[in-house]
Every structure is written in structure tokens, then in C-alpha cells.
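Readers should treat all values here as calculations from the given coordinates under stated rules, not as data from a laboratory. Source: prediction; values computed, not measured. FYI the Cβ positions are ideal-geometry reconstructions off the backbone, even for glycines, and counts take in every protein chain you see.
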Amino acid sequence: MNLQELIARQRPGWSLEQPFYTSAEIYDLERKTWLARQWYVLGHSSEVRESGSFIVRDLLGESLIIVRGNDGTVRGFFNVCRHRGSRICDADGKAASLMCPYHAWTYRLDGTLRSAPALPEGIDTSQLGLRPAPVKEIGGVILGSLQGELESLEPVRQALEPALIYHGVPNARIAARRHYPTRGNWKLVMENFMECYHCFPAHPEYCSVMRHVDALGRVSSDGAARWQQTLEEWLRNQANPDSPIGNQQFNFTAPVQSYGATRAPIGGGCKTQTKDGEPAAPLMGEQSRFDGGVSTLRIDPFVYIAALNDYVRLFQFLPTGPETTDVVLTWLVDGEAREPDVDIEKLVWLWDVTTVQDKALIERNAAGIRSTAYSPGPYSTLESMPAQFVGRYLRELAL
Amino acid sequence: MNLQELIARQRPGWSLEQPFYTSAEIYDLERKTWLARQWYVLGHSSEVRESGSFIVRDLLGESLIIVRGNDGTVRGFFNVCRHRGSRICDADGKAASLMCPYHAWTYRLDGTLRSAPALPEGIDTSQLGLRPAPVKEIGGVILGSLQGELESLEPVRQALEPALIYHGVPNARIAARRHYPTRGNWKLVMENFMECYHCFPAHPEYCSVMRHVDALGRVSSDGAARWQQTLEEWLRNQANPDSPIGNQQFNFTAPVQSYGATRAPIGGGCKTQTKDGEPAAPLMGEQSRFDGGVSTLRIDPFVYIAALNDYVRLFQFLPTGPETTDVVLTWLVDGEAREPDVDIEKLVWLWDVTTVQDKALIERNAAGIRSTAYSPGPYSTLESMPAQFVGRYLRELAL
Amino acid sequence: MNLQELIARQRPGWSLEQPFYTSAEIYDLERKTWLARQWYVLGHSSEVRESGSFIVRDLLGESLIIVRGNDGTVRGFFNVCRHRGSRICDADGKAASLMCPYHAWTYRLDGTLRSAPALPEGIDTSQLGLRPAPVKEIGGVILGSLQGELESLEPVRQALEPALIYHGVPNARIAARRHYPTRGNWKLVMENFMECYHCFPAHPEYCSVMRHVDALGRVSSDGAARWQQTLEEWLRNQANPDSPIGNQQFNFTAPVQSYGATRAPIGGGCKTQTKDGEPAAPLMGEQSRFDGGVSTLRIDPFVYIAALNDYVRLFQFLPTGPETTDVVLTWLVDGEAREPDVDIEKLVWLWDVTTVQDKALIERNAAGIRSTAYSPGPYSTLESMPAQFVGRYLRELAL
């Protein structure tokens, strides 16, 4: 297969040809290049609250150790001993140093090798520290990558951190986390996540909460102009005025990294995204009152955070193979919220049921695409986001 | 591997070399060419009796929708939406149209696209109908293929349909269906099915019913001449005289498609193929009485139908991978037969026990062939049919 | 991948690069060459005690039949019928001849074809015997290979058989056998087995029995000279004087096959390798009394036998795939030992717990090596044996 030819012949506005969704060869290439450069949510600060606290997480087939050092900085390391390659940590924990259970080689929390008994003469142990992986803590969210450049995150941090702090993310605690392993290529997962064309046929619960979604999955049945008016009225009359996102929706499509943040009302008098629109947990962060808004913060395409007044949802989209993707949802609530004031089933209901539905849709999509009868079809006018995403992906993969 | 060389060096009268039974590369080639051109039993007419009734069946890794249209015609379609490739139907059902559960694209029962909301300007929806697959209903049996030519079936239909009608197949109902997924290449399954050299060591139940099978698995221990006499006597004295197969055994080996039909007595006074030789269900079709015969109708190599006086067996041999084959047996009885008049365990006994035994034989055969010590061995004089089949396969694969 | 280049760039004294531990291509090559030439423990003589007794064992993906003939000789055959390739034996058994269950082809215990009905004219049945595999019984141990030369075992037999007879192995019986299927390349298993650098961190039970193992996994904390003295004192004062290994430790590194035998005291007053140092079974073979020694007999690298005063452990290391290895331990006791005189849990305790630990260590090692962050690391001074083994392997693989 000639990849450049394959890329060149993809038709703009139409879905991709089969190999992009099924080929192990393309996935291997993506994993070494395009996917390796992206950023992913790896966890929440509360998971490594203290010095020596560490978590073990998989990213693109690699096991990473994420550990908070004695200097308070969160770092990432490949979970591979420099002696004979053993995994060092099996599970989350807390320790003064990281000791490999095979031959007791021991590393400091900054990754340098502290001790390795009986080494031959002439071995330079300063070259035998744990290999670092790019990891950064931003406003309570732990982001990671395999080849991303930490400096590229600095403007992202400046843009998003104030909103994360405003929503109380740094001091939040995890109320629930659920995994939705999905048998489908990661691009099918992202295409699904990026469009609401399927909402009306497939997500009755979502449509019942987000009441301005119409039968075509559009945000408003009255078109863009009317939605703009609704949004502006909400920002003027109801929205908490002190949000750092404010009434400025921003989207940066940098050459290196596009990201953004937006605010919008849920509508229909709902205070939050629950079945009855009533809160499932106490007000979070610096918000003064329930304004019925949802803030979304993104680092395209994999980092997506939705902040309601009472809870925050972290989305994780983790490619695990040519045709498998782990989707993980984490629900955060205020760090001080007492157990009885948090209704976990109420909290998780909407996106749990929606993600279960999406998993089935994506797996059915993946099954169909494996057929020799599959050929690309046209994106509808309501699928401009996946169409744009696919275009960006093709341009960048060809680099 | 040079396939032409490999084919050329196969020794006539000896079993094939290992790659033909194990290679994923050869199976992929077969699936796109030789296997794709063959015909397979996909089901029985009773499964899609009414307009809008549909079944979902796998064929060579493809999911097909088989649906009866408003005009009464049974059609086949690849189960792939023309939008973004989703599977459309998960399971059998009945509907006025076929709607994809992802974005609600809707197709008529003839496969044309009826509605797809929010399509961009300039999309020609007449080009977005479901992709058809060759499917034809003949005498109550639904045949399908991936690349077969429907016209090639016309002489087959003319030859076999009268016998299928005579045996009551179009109006029959399914009494039982059982699956025997077998870990072996489809050629091992067919070679097993085509010879009775193994009957005496491996199928005591079969030999007890088919009493003229001798210790060498021959139909008669007295040789061909004696068997010819037995057959002629039965045709003259006992056989129902009005069978369309009559006393004409026919076999057509066309360049495109070989097929045939034969009649023979079970022997030993048995009325049908049951443990005690007594009927398990009422007389079927236009047969006037129990004559103890078994009619076999074939479209080589995968379509095989055995019609007794009281029941009909459909055999399905469905390659599913380089080393896996689904064998499915369906037992039909008269459509009007009342529940208490059908003894299902009695009906299925012979070929259920025989197929379970064959599955074990084939899987042991497949296991041995994976060894580096395997080399082709000589077919015995009682294995002329697999030897001929293998020869035909090699000639046609080389085309 | 250019294997010669890959071999050439491996750094002596450092662990191997990733492909040697993960690549299916390299494993396939090993299986046809280097691994195929080695010898493996396949079983114990008691498993085929009588003429016609046979066992069915897997070796490097091949199923072998090991059978004792009417002449008392143990032979090995590939478990593949010469007719159409079926497996002949499913499980251990005893028979006057070996009959294929498919078409009843029958072989004598020496592998020659006895009967095959209905063969065509001109088939030379003398060419259709079972394919032999190199198998040899030495001092009660059944050794096998795929391509090893039986003659190469003759000096090994002369060297090791007296000690095996002295320890009562030929007339022993199997008290216990346990399987430890390990998800790791066979070289990771062997490297683990060959060094005790990991003993102190990972094997507390082993260290509690082998009391001269120190915190660095060295046999003695007092260094080589002190250990030599300990050993000599034991040989002079305590060891049974009539052992054929005697006070001569021998190691032969022949061009074809290296092997060896050694004796050593367990230490700490232990009579045998049990939790309390007390016997778990009666004294074996020709030993006159409990001397607290352990004899080890090896044919490098896969054949390893440990003989205590009261029991013998056979180790089997069986590569089963690029990243899987079966480890099997068999505990032998005196053939005449009565059931109540053998404490099986006491017998198996040490090496069962140790092998369970090693399985976890090896699987963690294998998981780490799959990472792109893995690179070879330096062997410590206590890992000279794996370092030497890896060197020998690279030299021989390149041949």
C-alpha cells in the first residue's frame, strides 16, 4: 500500500476509505507519529496528591508511571527498568523511591538511578535513569503524550487554566470513573463524538436534557441566527458573569496545537445535566450560583472537559489498537463535598447511558466498514466537524 | 510463495500440501475469487415468508441482509450503510423499510435510498442504494453468493426445482437447526463430507442405518454391479414412481456450475433415516407413500440437500477463516405438520451424531496438517470424490 | 530486518534487543534451527513402562508420540498420519499398534505401516511409516528433540547415567507434576533460571532454605574462597562418598552439546529442600544415608535435573511461541515408596512457590520489553551465566 497515494485520493467531504479504519500498518504508523504527538488526559491531580504518589496508566500501548516528586512536580516515566527491561510498577501506589521488583534496582522520584548492586566497573549509572515521557499538570488535569513537546502546552495552559481553577478542578475529587472499551478504530470514536447528527435517532436521553437539539440533531431547529440570540440572552441575563471564558468563545487552531473553550446554556430551565435538571452535587469552585451553563474545554482532538455547575466530566479517548479504543469517563465533584451530598447515579446517568449507546453505534460502524462492500459516503451538512477533523488528520499524517 | 508453482507441483491422487489447508494468504485469495463465485445455502423460504421479512446472515466474512420485497422477490444486500458504513441490521426482523440506526438513513426493500436528511447539495442519491449481493430463491431454498452470476443458476433451477416442489420444500417449515463450528479449513470439511472411507471406523450410527455400507465404507460390499442391481430393483418395485428425479440420476458438470440429483434406497426395510427406520414426521410434499428412498440434490460443492419421505436436511458449509468452517444443519418438515406429530430428537439423531463425529475427525485432521512432518498422502480407491474435487479446485484456482 | 546485522550489533555483557524477545520472525527461525537442535526433557520412563505404552507430548509446536516398542526401546514419532495428515493419538495410552481414528490406517510400534485398506496399485507402503523424531531414554529420563543427533547424546549418557542410576531415577515414580505456562519468550525464562541476582528481592522462601544465599543473591557472602572451603569440608565430612559425581564437578562444553553435573550441600543442617529441612519421602536409589546434598545434572540449556536425597526434580522449559513458554516441574520419588511415606505438599513447596514467583517476574519482564522505551541494560557481575548463555546463543544462531 502506498500511503501517500492513498491519502491523496481521499475525497474531501466523504468518509475515509477502509484501511484508515482497519489497517494494522496504518495504525502502527499513526502510533509512532501522529498519535504519539497528541496530548491525552491521563488522570486528575487528586490521584497523585502527595509526593511519592504514583499512578500507572497505559498510553498507546506504553505503560507510564506518573509520579509527584518531592518538589511537587508531576512527572511521567516509561514503566521499564533500565537493567533488563522489567515493568517496575504493577499498580498505583505511594513510595519514597521506585524499586524494580526483579533485581531491586531503585530510582528516585525524578527518575534518576539511585542504586543497582553489583554493577561491573565502567558502567555510567547517570545514563541509566528512567526514560521520561512528556507529562504536565494543568489546572488539576494531568495531560500526557509520547512525543508531544511540553513547551507547546504553555499557551494552552495560559488559556485554559483560569477556567479550570474557576470550575474548581484542581481541588476536586473523583466521584466516579467508568470504562467503555470500544471495538472500533479511534477515528470512528472521534467522528462519533464530534457530531450530533446521530443524537436524535440514537440518544433520546441526551435529547431530553439538551432540549434545543432538534430532530436533525442540530443545536437549534431555528437555525444559527436564533441559537446565537439564545446564547447571547443567556450570557447577558443568566450566566455567572465572572467566568474566565466569559462571553468570549475562543478557538485557536495553531500549527502545533488547536484548543478552545466555549460556554452555553443547557436550556429548558435545567441547572445541570441530570434527568430532572436539578444538581447532583454542591456548587464547585469559584462559581457564585447555578447558572445552568456548561463550559467545554478542549485540546483537539483527544482532550475534552465538560464543566457543569456541580460536576466536571473528563473524557479520555485512548487508542489501544487498530480496531480498539478505550473510552474512559471521570466525574469530578468539589473536593470538600460530603458523601451524602453527592448523588453518583444521578451524576453519571446522562453520559453513561449516552456512552453505552455510542459504543454500540461505533462497534456497528466498525463492523460494517470491515466489509468489502464499504465505500466512503458523503458527510451531511451536520457533520462538518468530523469532515474537518478528517481533513486535518490527512494533512498532518502526510507530513 | 509462488501460487502457480505450488499448484503445478500438486500430485494428482494425493492430498494437498499444507499451505492449502492453513495459509491465510491462500484463503484471502480464495475468498476474493474461487469461494466468492460459488453458491451457498443461506436459508429457507419460511424465514422470509412475508414482504419486509428479512434475515441477516454471514457469508465469507460478509454480513448480508436477505429480504422479501413488496413484489414477492427475495433479494440480498450487503449489510453496510452507504453513509458512513454502519451495519444496518443486527438481527432478523420485519420492516416496511430498512433504517440505519446510526443516522436514520432509510432504504426501500429493493435497496434504493429513500431518505437521508441534511445531505449537501449535489449528492446523487440514486447512487447511494444498498449494494446488492447475488441471492436467489429456488424451490424453497435461498441460495446466495458474493460474485456468482444469477443467470448461471437458471439451468440449475429448471433441473432441481421440480424435485424440491415434489418433496414439499417450498411450503416446509424448519423443525430444527444446529451449528457445528469446526476448526479446520473448508477443504478438509468438504473432503470429509465427500467420502465414506471413514464411515466404518468413525460412524457406527450411520453404518447401522445405512446397512449396505461395509467395513471399507463402500456402499455395497458386493461391488458396483450388485449395487446397480439393488438400485434398479428398488426403483422398479418400491420407489414412488412420480419423483421428478425418477429413475434418471443426473449429473451436470458444466464449465460454470456442476450440479446433480440422485435417488437411492436406505435399505434394510428403513422408511427413513432414523434409529429404528420409522418416520419422525408426516409424509412431505407430493409423495404418495413412504418408499424408503433418499433423494440428494447438489450444486457442487457447497449446496447439498437430502430429502427423505418425512423430512429434508439442508447442509450449509460456510468457510469463516483459513482454518475455521461453520457447518449448519437445518431439518425441514411439512409446513402443516402439527407439533406432536414431529419427533425432533428422532429427526436430528443420525446427522447430529454423525456431524459431531465429523467435526472431531476434521479438527484432528487439521491439527495434524499443521505439523512440519505432514506431507501429502495417497487417496485410497474409496476417496475418488475428494480426489476429483481437489483436482477441479486446483484447475479453477489457477484460472 | 537483517538478522546478521542485528546479531552483530548486540553488545556483550548487555541484555538483548527487543526483537529477540518478541519477534515472531526470529522465533520461527529459532524453531526451525537453533531450538530444533536442542534436547528437552519429555518425560520419565515410568510414563511408558511397558511395551505399547505411549505418551503424547508437544515440543516446539509439534505433537510427538513417545512409545515403548516390543524390543523395550523408547521411540518418538510425529503424531501425523501418512494418509491425509490426521493426528493419530489424542492422549496417552497403551496399544499393540497405533491406529489412526480417521480411516483406520495402522502402524506398528516401530512406526512402520501395517495396514491401509483400499490403497491404489503402485503405492509403496514401506515409504509410508510414521516420521521418526529423535528420542532417547537415559537413566530414566526421556529426552527428545526435533533435529538433534542421537549420536551426540552418547557421551552425555555415559557421563550422566551413573549418577541418575545412583539417585534411583530409572525406577522412580512421579509423585507430582505442575505446569507454569509463562507469557514470556523462552530466553527470558532461561535468563531468569540462570541467575540468583534476583533471589534475595524475589524469593524469600528459597533464601530461607538455601541459607548461604546472601542479600546479593551470591551463593556465599564470604566470597568464592570461603564457599570452596565449605564445599570441600562437606564433601570430606558429610557427603555420601559413593556418588558417581563424587567430589569431581564436571562441565563439558562440547562443540555440539555442553552438559555437566555438580554436587553441593544445602547447608544449615537441612537434609533436603523442604521448609523444615526434614525429608518428604524415603531415601532414593543407592544412597546410603541423608547427606544434605543436592546434585544437579544438566544438558544445556533446557535439560536440568536436581536430585536430593529423598526426591528428584525434573525441569522442563518448553518454548511454545514467540512470547510463551511452558515450564513444567515433575517431582520423582522412590518407585517403592508407599503413599503415606510421601508428603507431596512438603515435597513441592519450595519450587512451586519459587516458580510461581519466577512466572510473575518473567511476565513483568516480558511486558516491559514490549515497550518502545526498552533498551538493553548491563548484566551485573552476578549475572555472568545469562550473559554467557546469550553470547553462546548469538554465536550459534548466526551459523
Determine the calculated [θ] at 222 nm for chain C from helices alone, applying -39500 (n - 2.57) to every DSSP H run no shorter than 4 residues and normalising by the residue count; nearest 500 deg cm²/dmol.
-> -8000 deg cm²/dmol
Once the Cα gyration tensor of the range A:293-336 is diagonalised, what are the square roots of 5 times its eigenvalues, in whole Å and ordered largest first, as equivalent ellipsoid semi-axes?
-> 24, 12, 6
Hey, rough spin-label estimate for residue C:97 and residue B:224, points 7 angstrom out along Cα→Cβ, what's it come to in nanometres?
-> 2.9 nm
Pick out, in residue order, every one of the trypsin sites (Lys or Arg not before Pro) in the range A:43-107 that is DSSP loop and has at most 14 other C-beta atoms within 10 Å; say none if there are none.
-> A:49
For residue B:276, inter-copy label distances in nm, listed shortest first [label point 7 Å out on the Cα-Cβ vector] | 6.8, 6.8
Taking each label point as 7 Å beyond Cα in the direction of the beta carbon, state the distances from residue C:93 to the same residue in the other copies, shortest first, in nm.
-> 5.1, 5.1
Copy-to-copy spacing for residue C:177, label 7 Å out on the Cα-to-C-beta vector, in nm, shortest first?
-> 4.4, 4.4
Helices from chain C with mean Kyte-Doolittle at least -1.0 and a Cα length along the axis of 24 Å or more, per DSSP H: which?
-> C:344-369
Roughly how crowded by other chains is peptide A:374-385, in terms of the mean Cβ count from those chains within 10 Å of each of its Cβ atoms?
-> 6
In bins 10 Å wide, starting from 0, what share of all Cα pairs of the range C:156-196 does each bin hold, as a percent?
-> 21, 25, 42, 12
Sort all Cα-Cα distances of the protein assembly as shown into consecutive 10 angstrom bins from zero, then give the percent of pairs in each bin up to the one containing the longest distance.
-> 2, 8, 13, 16, 16, 16, 15, 10, 4, 1, 0
Which of these, B:130, B:42, B:297, has the largest mean-square fluctuation under a Gaussian network model of chain B (Cα springs below 10 Å)?
-> B:130
Along the three principal axes, how long is the range C:43-138 when you take its alpha carbons, biggest first, rounded to the nearest angstrom?
-> 43, 29, 21
Exposure-ranked with fewest Cβ neighbours within 10 Å first, C:236, B:173 stand as C:236, B:173
Just how many % of Cα pairs in the range C:1-96 lie over 18 Å apart, if you round to the nearest whole percent?
-> 60 percent
Round to a whole angstrom and tell me the spacing of the C-alpha centers of the range C:293-354 and the range A:31-65.
-> 43 Å
Distance from the Cα centre of the range A:112-141 to that of the range B:157-171, in angstrom?
-> 78 Å
Which of C:55, C:123, C:344 fluctuates most in a GNM of chain C (C-alpha springs under 10 Å)? That residue is C:123
Using Cα pairs closer than 8 Å and at least 6 residues apart in sequence, work out the relative contact order for chain A, in percent.
-> 20 percent
Per-residue Cβ contact counts at 10 Å, fewest first, order B:331, B:34, C:186 as B:34, B:331, C:186
Debye-sum result for the range B:337-390 in log10 I(q)/I(0), which assumes one identical scatterer on each alpha carbon, at q = 0.14 Å⁻¹ | -0.62
Inter-chain Cβ neighbour average for residues C:95-104, partner chain, 10 Å | 5
Compactness of the range A:264-399 as Cα Rg over 2.2 N^0.38 Å, two decimals | 1.28
With only Lys, Arg, Asp and Glu charged, each at its Cβ (+1 for the first two, -1 for the last two), find how big the charge dipole of the protein assembly as shown is about the Cα centre; round to the nearest 20 debye.
-> 940 debye
In whole angstrom, largest first, the equivalent ellipsoid semi-axes that the Cα gyration tensor gives for chain C are 37, 29, 18
Provide the net charge surrounding residue A:369, with neighbours chosen by a C-beta distance below 15 Å and charges set as Lys +1, Arg +1, Asp -1, Glu -1.
-> +3
Directionally averaged projected area (convex hull, Cα atoms, the range C:113-155), nm² = 4.7 nm²
Cβ-based exposure ranking for A:346, A:136, A:275, in which fewest neighbours within 10 Å come first | A:275, A:346, A:136
Fluctuation leader among C:132, C:170, C:340 - chain C, Gaussian network, Cα springs under 10 angstrom | C:340
Could you name the residue in chain B with the C-beta closest to the rotation axis that superposes chain B on chain C, along with the separation in whole Å?
-> B:24, 8
